[in-house]
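For reference, the structure is listed below as structure tokens.
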Amino acid sequence: MYAFDYQRASDAQGAVKTLGADPEAKLLAGGQSLLAAMKLRLAQPSTLVDVTRIPALKTLQVDGKVVKIGAAVCHADVAANAQIQATLPALAHLAAGIGDRQVRALGTLGGSLANDDPAADYPAAVLALNATVVTDRRRIAADDFFLGMYETALEPDELIVAVEFPVPQRAAYEKFHNPASHFALTGVFVAQSADGSVRVAITGAASSVFRALVLEDALKASFTPADARAVSIAPDELNTDLHASAAYRAHLIPVLAARAVAKALG
């Protein structure tokens, strides 16, 4: 690991000011990805700006229509929150399945989204629930936030403050995980709104999270496990790696979607 300076930010403005003054500085939240990269000397930030003690980033609010989670709230707190379990159980279930106990205790919502790992779980929830990413200067719609592998719409000196998740009529998340890391080899988040519209987000299968429009169309017409399972997914733009082939991931998507629909229906 290379040498670096450490600063603890007391507010969002201070953290952003440091980033603006030093292009080599990086924000530090849970550090589950950044610190590992630094240990391997794949990242060399001049300064780490710790944002985990900023009070505004640690809030969690549930009002029945929207679940608003601060960027520095850890996965374990989302999973254990009784209000989220009652109002948006799919999100609590997703958080409970991220990594292992240590990762859930340290990893944060904002860190996961800013890193945008292709196999991360939270991006699927943000995209399927049509959430809004709130930063220190603007509001970014889910469909505009994820741009590609480890790439988001965030500016270099922009800080995620919170994420607002609209509460759907029903939703569920299912993933086929790597047994070692618990990252999603393929994960499917299905959400149906009160007006009957459906959003389906896929993680772990391609270079970045994406919406499965063919599944959305099928489930809008008939929200049943059988109709989800009947959809055929083309493997053309899916990943092939040492864990699974593109064809296998294409097979998994409708299988997991059918399970998610069955869970959402109760």
remark   = The helix 12-21 Cα axis meets the longest alpha-carbon principal axis of the chain at an angle in degrees, between 0 and 90 and rounded to 10, of 70 degrees
task = Show the residues, 5+ positions off or on another chain, whose built amide H is closer than 5 Å to the amide H of residue 161.
result = 134, 135, 136
task = Name the residues whose placed amide hydrogens come within less than 5 Å of the amide hydrogen of residue 27, ignoring near sequence neighbours (fewer than 5 apart) on the same chain.
result = 49
inquiry  = If the reach is capped at under 29 angstrom between alpha carbons, list the lysines near residue 26, excluding any in the same chain fewer than eight residues apart.
reply    = 17, 39, 58, 68
Rel. contact order, % - alpha carbon contacts under 8 angstrom, at least six apart, segment 5-50 = 55 percent
request  = Of the options 134, 90, 115, report the single residue whose Cα projects farthest towards the positive end of the charge dipole of segment 20-167 (beta-carbon charges: Lys, Arg +1; Asp, Glu -1).
outcome  = 90
ask   = Taking every eigenvalue of the Cα gyration tensor of the chain, multiplying by 5 and rooting it, what semi-axes result, largest first, whole Å?
value = 31, 21, 15
message = Explain nothing, just the number: relative contact order of segment 144-266, from Cα pairs under 8 Å at least 6 residues apart, as a whole percent.
response = 24 percent
ask   = Can you run phi through the Karplus equation (6.51, -1.76, 1.60; θ = phi - 60°) for segment 60-74 and list ³J(HN,Hα) in whole Hz, with x for Gly and Pro?
value = 9, 10, 10, 10, x, 10, 9, 9, 10, 10, x, 5, 9, 6, 7
ask   = Which of 119, 226, 72 moves most in a GNM of the chain, Cα contacts under 10 Å?
value = 226
inquiry  = Given contacts defined as C-alpha pairs under 8 Å and at least six residues apart, what's the relative contact order of the chain, whole-number percent?
reply    = 15 percent
message = Can you sort 232, 193 from fewest to most other Cβ atoms within 10 Å of each residue's own Cβ?
response = 232, 193
message = Ignoring everything except DSSP H segments at least 4 long, calculate the 222 nm mean residue ellipticity for the chain; use -39,500 (n - 2.57) per segment, divide by total residues, nearest 500.
response = -9500 deg cm²/dmol
note = Least to most buried among 251, 93, by other C-beta atoms within 10 Å and fewest first, runs 251, 93
ask   = Given q = 0.13, 0.14, 0.26 Å⁻¹, what are the Debye log10 I(q)/I(0) values for segment 5-50, with equal point scatterers placed on the Cα positions and solvent ignored?
value = -0.26, -0.30, -0.93
query = Quick one: Karplus J couplings for segment 130-142, per residue in order, coefficients 6.51, -1.76, 1.60, θ = phi - 60°, nearest Hz, x for Gly and Pro?
reply = 6, 6, 10, 8, 9, 10, 5, 9, 6, 10, 10, 5, 3
task = Compute log10 of I(q)/I(0) for segment 45-198 with the Debye formula, placing one identical point scatterer on every Cα and leaving out solvent, at q = 0.08, 0.16, 0.18 Å⁻¹, to two decimals.
result = -0.20, -0.86, -1.11
key: Charge dipole (debye, nearest 20) of segment 5-50; +1 at Cβ of Lys and Arg, -1 at Cβ of Asp and Glu   = 160 debye
task = For every other residue with a beta carbon closer than 14 angstrom to the beta carbon of residue 199, add +1 if it is Lys or Arg and -1 if Asp or Glu, then tell me the sum.
result = -1
inquiry  = Based on Cα coordinates alone, diagonalise the gyration tensor for segment 170-266, multiply each eigenvalue by 5, take square roots, and list the semi-axes in whole Å, largest first.
reply    = 22, 14, 11
message = I need 217, 227 ordered by Cβ neighbour count within 10 Å, fewest first.
response = 217, 227
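Read-outs: derived from the displayed coordinates by stated rules, not from any lab. These numbers were taken from a predicted model, which means no experiment stands behind them. So basically every Cβ, Gly included, is an ideal-geometry build from the backbone, and we count neighbours across all protein chains shown.
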